[in-house]
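Written below as C-alpha cells is the structure these notes are about.
The values are calculated or read from the model by the stated rules, or taken from the named source; none is laboratory data. On a predicted model such as this, the values are computed, not experimentally measured, just so you know. Counting neighbours? That spans all protein chains shown, and the Cβs are built from the backbone with ideal geometry, glycine included.
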Amino acid sequence: MALLQISEPGMSPEPHKKNVAIGIDLGTTNSLVATVKSGTATILGNQGHDGLVPSVVYYKDGNILVGEEALKNRVIDPANTILSIKRFMGHNFSDLDKSLASPYKFVNKDGIIEIETSNGVKNPIQISSDILQYLKQIAIENMGESPAGAVITVPAYFNESQRQATKHAAQLAGLNVLRLLNEPTAAAIAYGLDTKNQGTFLVYDLGGGTLDVSILKLHSGVFEVLAVNGDTHLGGDDFDHLLYCYILEKSNLSHLTDEDIAHLLNTAKQVKEDLTLKEKVSFSIVLSAQRLVNLLITREEFGRVTRGLVNKAILPVKKALRDAKLDITEINEVVLVGGSTRMLNIRLELSNMFKRELLTNIDPDKVVAIGAAIQADVLIGNRKDDWLLLDVTPLSLGLETVGSIVEKIIPRNSTIPVTRAQTFTTYKDGQTAMSIHVVQGERELVSDCRSLAKFSLRGIPPMVAGNARIQVVFQIDADGLLSVSAIEESTGIASSIEVQPSFGLTPDEISSMLSSSIDFAQSDILARQLSEAVIDATALINSVESAIVDDRDLITDNELIEIKYLVDSLNIKFVQNEAVEIKTSAIKDLSDKLNKATQGFANKRMDRAIKHGLSGRSIDTL
Ligand code: ADP
Ligand code: MG
C-alpha cells in the first residue's frame, strides 16, 4: 500500500490503450465496484441503482441471486439467504459463536465452516465469490469489457487467513487480484492524503454491523498503522434495532409475526436514513391482522433513543488514541467512512471531540471503493507517475526458539512486500530435524503470542550442536500473505510453508495484543532473561556431561563431585518455583560456578586435543 514512489518496470501502458482495472469494497453489509474513467474514480451502478450492492446471496433451486434481489428473501427463506458472510471469512468451525442465534445450517467440514443451502453446501469463500462475480458482471456491463485486474479491500485488522480467503474468493470469481488493500488506507487515498508529505490520520468507519477505527501515520511515503480499535458488533443495524423497539413501545405493539418484525425493522432503517436529511419523518404501514401503524418520529427523539449507542461508538476512538499515545490535537485529518457516519449525531459527536471539520465530502459508503479504484488504476499501469502503495504489517512475525522464546523476524509496522532472513543453528549434537513454529505478536514468550503455523525441516546431517546453518526466510507479499521457508545451507535441504493461520483476530484482539506487549514489557524482559539463563545453563550441562563421557580420565574425583553437585543444583533450580529475578540470578550464579569448576578439566582437554592435532571442536563445547 502506499505511497513509496516506486516505479514498477514493465507496467507502463501502451501509448493508446488503457487497461481497465476495478476497485472493490467487499463489505459486510454492502459491496461496491468502482473504476477510474477519464481520470476520475466513479462508482459503477447496476440497473439504475446507485451502486450499493447488499452483500447478500440467495440460493434456491440451482439459482443464485445477489444484492437487492437476494435480500427480498430474507424473511420468507432465511436459511437460504446468506447475509454478512464477511464475518466468517478465514474462520474455523471452532471459532463459531454457537450462542448466537442464526438461521443458517452450519456444517463442520474438516474444521472449515460450511453452510447448507438449497443449492448444496457452500463455504464462505464460495459465497463471497458469488458476490464478487456479481460485481464483476456490473463492471463488464458498464465498461463493455472484462476488467484486467482488481484491487479488493479488506479491514486493516484482517489476518493472514482472512486475507488469503478473500484473495481465493476473488480468484474463484475469475478476477485478477492486483492487490488486497486495507480499507482505511483506501479511504485515505480517495482523499488524496497519500500525496501529502506526512501526517497522522484517523479513519472512522461505522458500517452496517461493525465499527473500525484506524490511526494511520504517513511518513516518507508510507502509511503506518499506529493503532486499530473498534467493535465487531456495533453498526447501523443496532441503531435500526433500537428505533424498532421504540416504535413498538410508542405504538403499543405485540404479537408480531416474522413478516411484521421484518417490515418494522425495514421501516426503522428507512426512518433512520431519512432523519439524516429531515427534521421529522412520518410513516404509515399495515401489519398482519390489518393493524395500522401511523407514526411521526423526530430527529430529537431518534437522538435521545440512540444516545447510548453513540457513546459506545466513540469509545474506540479514545482507545485507539491512547494506544497510539496521541493527543487529539496531533490528528491532522479525520476521515469518515461507512454509511452510518452519515448519521448527524455521530458526526456531531466526532466534530465536537476533534474540534475540527471532518473529511466527509466523498460519500462515506463509497470512499473505500473509490480509493481501491485509484489504486487499481495505478497498479494496472494507467498513470505516468507510476507509484506503488506500500502497506505495513500490523503485528510482528517471528518464530519460536529454544526456551519458548520468540525471535522476531519481521517487526510490526515493516512495510510490505518484505523479505527477511535469519540464520539459526541446532541446539543439540546430532540433531537431524528442526521444527519451525511461526508466531505473530509483540510479546517475548511463545505462549503469549498467536500461533500461525508449524512445519519441520528434516534431513539435517548430524552435526555438533551449533554447526548447522539453517537459514529461515520470512516473506510477505504485497497482499500481506506470509510464506516461510527454511534451508540447511551445507546440504541445501529445504522446506517451506505458506502460512494460513486457523483463527481470526478481531481489532480488539489486535489492540489488546499490542497494548499487552507494552503493559507486560518489563515482565516479558524478565521472563526472557530467565529463559535465556536456562538455555545457556542447559547447553553448558550438556557439553560438560558429554565431555566427561569422552575424557573421564582427565578429571579428578573431587572435581567430579563438585561438578555433579553444581549440575544437580541447576537441575533443581530449573523446576523451583520462585520469583523470576531471583531464579535467573541463581541460575547464572550456578552456571558461573560450573564454568569455573570445569576450567581445569577444559584446559587438560585442550592440551590433549592439540596433542592429537584435532581442531577445537571439544573446546567449543566446554
Ligand atoms: P458495510 O461497510 O458494513 O458493508 P456500509 O458502509 O454500506 O456497510 O453501511 C451500511 C449502513 O449505513 C447501514 O446500517 C445503513 O442503514 C447505514 N446508512 C446508509 N445511509 C444512511 C443514512 N443516510 N443515514 C444513516 N445511516 C445510513
Ligand atoms: Mg465498509
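For the stretch 128-137, state whether one or more residues are within 16 Å of ligand 1 (Cβ to nearest atom), among the small types (Gly, Ala, Ser), in a helix (DSSP H, G or I) and modelled with pLDDT of 95 or more.
The answer is yes, given that some residue of the stretch 128-137 is within 16 Å of ligand 1 (Cβ to nearest atom), among the small types (Gly, Ala, Ser), in a helix (DSSP H, G or I) and modelled with pLDDT of 95 or more.
Suppose we filter VAL213, VAL293 for residues that are more than 11 Å from ligand 1 (Cβ to nearest atom), of a type in the set (A, V, I, L, M, F, W, C) and in contact with a helix residue (DSSP H, G or I) (Cβ under 6 Å, 6 or more places away or on another chain); which single one remains?
Within the list VAL213, VAL293, the selection yields VAL213.
Any idea which residue in the stretch 176-214 is nearest to ILE346 (Cα to Cα), counting only those that are within 16 Å of ligand 2 (Cβ to nearest atom) and either assigned by TED's automatic domain parsing to the domain that holds ASP477 or among the small types (Gly, Ala, Ser) (or both)?
Checking each candidate, the answer is GLY207.
Search the stretch 188-216 for residues being over 18 Å from the mean Cα position of the chain (by Cα) and of a type in the set (D, E, K, R), and hand back the single one that is surrounded by the most Cβ atoms within 10 Å (Cβ to Cβ).
Among residues in the stretch 188-216 that are over 18 Å from the mean Cα position of the chain (by Cα) and of a type in the set (D, E, K, R), the one surrounded by the most Cβ atoms within 10 Å (Cβ to Cβ) is ASP194.
Yes or no: the stretch 382-398 includes at least one residue that is more than 16 Å from ligand 1 (Cβ to nearest atom), at pLDDT 90 or above, closer than 30 Å to VAL472 by Cβ and touching a strand residue (DSSP E or B) at 6+ places or on another chain (Cβ under 8 Å).
yes
Six or more apart or on different chains, Cβ atoms under 9 Å: show the pairs whose first residue is in the stretch 184-213 and over 30 Å from LEU242 (Cα atoms) and whose second is among the basic types (Lys, Arg) and within 12 Å of ligand 1 (Cβ to nearest atom).
ALA190/LYS366
Would the stretch 314-334 turn up any residue that is within 15 Å of ligand 1 (Cβ to nearest atom) and surrounded by 22 or more Cβ atoms within 10 Å (Cβ to Cβ)?
No, the stretch 314-334 contains no residue that is within 15 Å of ligand 1 (Cβ to nearest atom) and surrounded by 22 or more Cβ atoms within 10 Å (Cβ to Cβ).
Of LEU326, LEU277, which residue is part of a loop (DSSP other than H, G, I, E, B), under 23 Å from ASN30 (Cβ atoms) and out of contact with any Pro (no Cβ under 9 Å at 6 or more places or on another chain)?
None of the other options fit; the residue is LEU277.
Quick check on the stretch 215-236. Is at least one of its residues more than 30 Å from THR393 (Cβ to Cβ), within 13 Å of ligand 2 (Cβ to nearest atom) and either without any contact (Cβ under 8 Å) to a residue 60 or more places away in the chain or in contact with a Ser or Thr (Cβ under 6 Å, 6 or more places away or on another chain) (or both)? Working first, answer last.
Keep residues of the stretch 215-236 that are more than 30 Å from THR393 (Cβ to Cβ), which gives 236.
Those left that are additionally within 13 Å of ligand 2 (Cβ to nearest atom): 236.
Keeping just the survivors that are either without any contact (Cβ under 8 Å) to a residue 60 or more places away in the chain or in contact with a Ser or Thr (Cβ under 6 Å, 6 or more places away or on another chain) (or both) gives 236.
Yes - at least one qualifying residue is present in the stretch 215-236.
Any residue at all in the stretch 282-304 that's surrounded by fewer than 17 Cβ atoms within 10 Å (Cβ to Cβ) and closer than 30 Å to VAL228 by Cα?
Looking for residues that are surrounded by fewer than 17 Cβ atoms within 10 Å (Cβ to Cβ) and closer than 30 Å to VAL228 by Cα, one finds at least one in the stretch 282-304, hence yes.
Restricting to strands (runs of 3 or more DSSP E) lying wholly in the stretch 371-471: which have 2 or more residues that are over 30 Å from ALA41 (Cα atoms) and touching a Leu at 6+ places or on another chain (Cβ under 9 Å)? Write out each step before concluding.
Details: elements: 397-401, 405-410, 418-424, 433-440, 450-458.
Result: 405-410, 418-424, 433-440, 450-458.
Here's a check for you: in the stretch 168-187, which residue that is of a type in the set (A, V, I, L, M) and over 19 Å from SER146 (Cβ atoms) is surrounded by the fewest Cβ atoms within 10 Å (Cβ to Cβ)?
Among those residues, the one meeting the criterion is LEU180.
Do we find that ILE297 is more than 16 Å from ligand 2 (Cβ to nearest atom) and part of a strand (DSSP E or B) in this structure?
For ILE297, the condition - more than 16 Å from ligand 2 (Cβ to nearest atom) and part of a strand (DSSP E or B) - is met.
Between VAL305, VAL310, VAL337, which is within 16 Å of ligand 1 (Cβ to nearest atom) and without any contact (Cβ under 8 Å) to a residue 60 or more places away in the chain?
VAL310
Just to be sure before I move on: is ARG347 part of a helix (DSSP H, G or I), in contact with a helix residue (DSSP H, G or I) (Cβ under 9 Å, 6 or more places away or on another chain), within 12 Å of ligand 1 (Cβ to nearest atom) and in the same structural domain as GLY208 (by TED's automatic domain parsing) in the structure I sent?
Criteria met by ARG347.
When you scan the stretch 357-364, do you find a residue that is closer than 23 Å to GLN198 by Cα, within 16 Å of ligand 1 (Cβ to nearest atom) and surrounded by fewer than 17 Cβ atoms within 10 Å (Cβ to Cβ), even just one?
Within the stretch 357-364, one or more residues are closer than 23 Å to GLN198 by Cα, within 16 Å of ligand 1 (Cβ to nearest atom) and surrounded by fewer than 17 Cβ atoms within 10 Å (Cβ to Cβ).
Within the group PRO316, PRO364, which residue is assigned by TED's automatic domain parsing to the domain that holds GLY192, in a helix (DSSP H, G or I) and not aliphatic (A, V, I, L, M)?
None of the other options fit; the residue is PRO316.
Can you spot a residue in the stretch 361-368 that is of a type outside the set (A, V, I, L, M), touching a Lys or Arg at 6+ places or on another chain (Cβ under 7 Å) and modelled with pLDDT of 95 or more?
yes
Could you check the stretch 398-437 and list, in sequence order, the residues that are in contact with a Gly (Cβ under 9 Å, 6 or more places away or on another chain) and within 22 Å of LEU530 (Cα to Cα)?
Within the stretch 398-437, GLY398, VAL406, GLU407, LYS408, ILE409, THR425, THR426, TYR427 qualify.
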